[in-house]
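The values are calculated or read from the model by the stated rules, or taken from the named source; none is laboratory data. Being a predicted model, the structure only gives us computed values, none of them experimental. In this analysis, Cβ positions are derived from the backbone assuming ideal geometry, glycine residues included, and neighbour counts consider all displayed protein chains.
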Amino acid sequence: MNQLALPLTLDDHAVFESYLANGNEELVAYLEALAEDGRGPGCWLWGARATGKSHLLQALAERFGDESAYLPLAVLAEAGSVVLDDLAQRRCVCLDGIEAIAGRRPFELALFELCNQLADRSGILVIAAAAPPRESGVELPDLLSRLTRLPVFHLQPLNEQGRIEALQLRAAHRGLELPTETARYLLARHRRDMASLHGLLDRLDGEALKAQRRLTVPFVRDFLGAGGS
């Protein structure tokens, strides 16, 4: 972000290779095709909290490197609509959490201008939200018309087995082995949303490295018992 010099960085784990696509294969294939082709229009993806929206937006931005911009709008909204300035020069713009700016006229006007500029140069606009376009809170009719033309994908949450496999995939991406019995133990004794589980796994990674231990059930039990939840 040149105009504000904001220190926005992508999470190192947020790549396509570490995302379990169970139930969302069509969306992941679409995003990977966007990265391959390099041309718009992009898409709108929506779903409940912790279904992987931010992960996928960052994975797409990672593929484009310096030609992309990833903006977590809930974090940046207080800076004003200036955060959307000059983004059309990027090949791929990923806006995360559009509900943070929906209904705010300066933002909506700036986003409408960005949509037009990206369309003129076949740029890619990918938006993540908690709801589909017509339920997003966007009020500017011209902007809503633009956004409803984007392909829309509804992210499906993972089932029990999917959560286990997602944790194991995340662990493998970090160079760890997470036995199935340990993953089940985590699911039974911790908050079950993937964001919380991933955060716990990251902390376990650090503790296991320091202790030179594997992620066994006894190790995890000791960690949680010592207040590491």
>> Can you list residue pairs whose Cβ atoms sit under 6 Å apart, with the first residue in region 207-218 being at pLDDT 90 or above and the second being β-branched (Val, Ile, Thr)? Count only pairs 6 or more apart in sequence or on different chains.
In response: Leu215/Thr182; Val217/Thr182
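Name the one entry in Asp120, Asp96 that is assigned by TED's automatic domain parsing to the domain that holds Thr148, closer than 15 Å to Phe153 by Cα, free of Cβ contacts under 8 Å to residues at least 60 places away in the same chain and not hydrophobic (A, V, I, L, M, F, W, C).
Details: Asp120 fails: closer than 15 Å to Phe153 by Cα.
Just a single option satisfies the conditions, and that option is Asp96.
Could you count how many residues in region 152-164 are surrounded by 13 or more Cβ atoms within 10 Å (Cβ to Cβ) and either in contact with an Asp or Glu (Cβ under 9 Å, 6 or more places away or on another chain) or touching a residue at least 24 places away in the same chain (Cβ under 8 Å) (or both)? Outline the logic, then answer.
Taking region 152-164 as the starting set, the residues that turn out to be surrounded by 13 or more Cβ atoms within 10 Å (Cβ to Cβ) are 152-158, 162-164.
Keeping just the survivors that are either in contact with an Asp or Glu (Cβ under 9 Å, 6 or more places away or on another chain) or touching a residue at least 24 places away in the same chain (Cβ under 8 Å) (or both) gives 152-158, 162-163.
Final tally of qualifying residues: 9.
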> In this structure, is Arg134 assigned by TED's automatic domain parsing to the domain that holds Pro41, in contact (Cβ under 8 Å) with a residue 12 or more places away in the chain, assigned to a helix (DSSP H, G or I) and surrounded by 13 or more Cβ atoms within 10 Å (Cβ to Cβ)?
Replying inline: no
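Check region 73-89 and report whether any residue there is among the polar types (S, T, N, Q), modelled with pLDDT of 95 or more and closer than 18 Å to Pro151 by Cβ.
Initial filter on region 73-89 (among the polar types (S, T, N, Q)): 81, 89.
Then drop every residue that is not modelled with pLDDT of 95 or more, which leaves 81.
With closer than 18 Å to Pro151 by Cβ added as a condition, the list becomes none.
No, the conditions are met nowhere in region 73-89.
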>> Considering only residues that are under 25 Å from Asp120 (Cβ atoms) and at pLDDT 90 or above, which ones fall in region 1-31?
In response: Tyr30, Leu31
> Looking at this structure, is Thr180 of a type outside the set (Lys, Arg), over 14 Å from His13 (Cβ atoms) and exposed (fewer than 14 other Cβ atoms within 10 Å of the Cβ)?
Replying inline: yes
> If you scan region 117-131, which residues turn out to be under 25 Å from Glu67 (Cα atoms) and in a loop (DSSP other than H, G, I, E, B)?
Replying inline: Arg121, Ser122, Gly123
